[in-house]
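The values are calculated or read from the model by the stated rules, or taken from the named source; none is laboratory data. Remember, it's a predicted structure, so these values are computed and weren't measured experimentally. Glycine also receives a Cβ, built like all others from the backbone with ideal geometry; neighbour counts cover every protein chain displayed. Areas reflect the complete protein model, heavy atoms only, side chains present, ligands, DNA and RNA absent. Shrake-Rupley method; radii C 1.70, N 1.55, O 1.52, S 1.80 Å.
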Amino acid sequence: FWSPEDRWLLRYRPYVVQDGVLLIPVRGVLLHNFPFQFGGWATGYDYILRAFLRGCDDGNVRAIALVIDSPGGMVAGCFEAADRMTAAKQECGKPVRAFA
């Protein structure tokens, strides 16, 4: 799913890009140290961060949207992911929006 950069699977996106906008689903309870998005039940901060970073590096992505349907979740991991996403946003220069 999150293949190393030298793997052939890297060209296949583990996320949805629609009209140049990366749609990152944030659903269910938010979990620390969880690298998956499990349907509508749970989403890991690691998953959100990795999808965000991959979107920043993807030349076909012109903007990033976090589509949120979540009651919230663990505090642990939240601020670290947000800080890394903020730093990455400044480097990649793509607009980022969240929709709840």
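Here are a few things to note about the model shown:
- Scanning region 1-33 for residues that are open to solvent by 50 Å² or more (accessible area, probe 1.4 Å), modelled with pLDDT of 90 or more and touching a helix residue (DSSP H, G or I) at 6+ places or on another chain (Cβ under 7 Å) gives H32, N33.
- Total residues in region 34-50, condition open to solvent by 60 Å² or more (accessible area, probe 1.4 Å), modelled with pLDDT under 90 and out of contact with any helix residue (DSSP H, G or I) (no Cβ under 7 Å at 6 or more places or on another chain): 1
- Single condition R97 does not satisfy, out of (1) open to solvent by 50 Å² or more (accessible area, probe 1.4 Å); (2) over 20 Å from L31 (Cβ atoms); (3) not in a strand (DSSP E or B): (3)
- Of residues in region 52-64 being open to solvent by less than 40 Å² (accessible area, probe 1.4 Å) and not hydrophobic (A, V, I, L, M, F, W, C), the one nearest to G40 (Cα to Cα): G55
- Selection within region 65-93 - aliphatic (A, V, I, L, M), assigned to a loop (DSSP other than H, G, I, E, B) and open to solvent by less than 60 Å² (accessible area, probe 1.4 Å): A76
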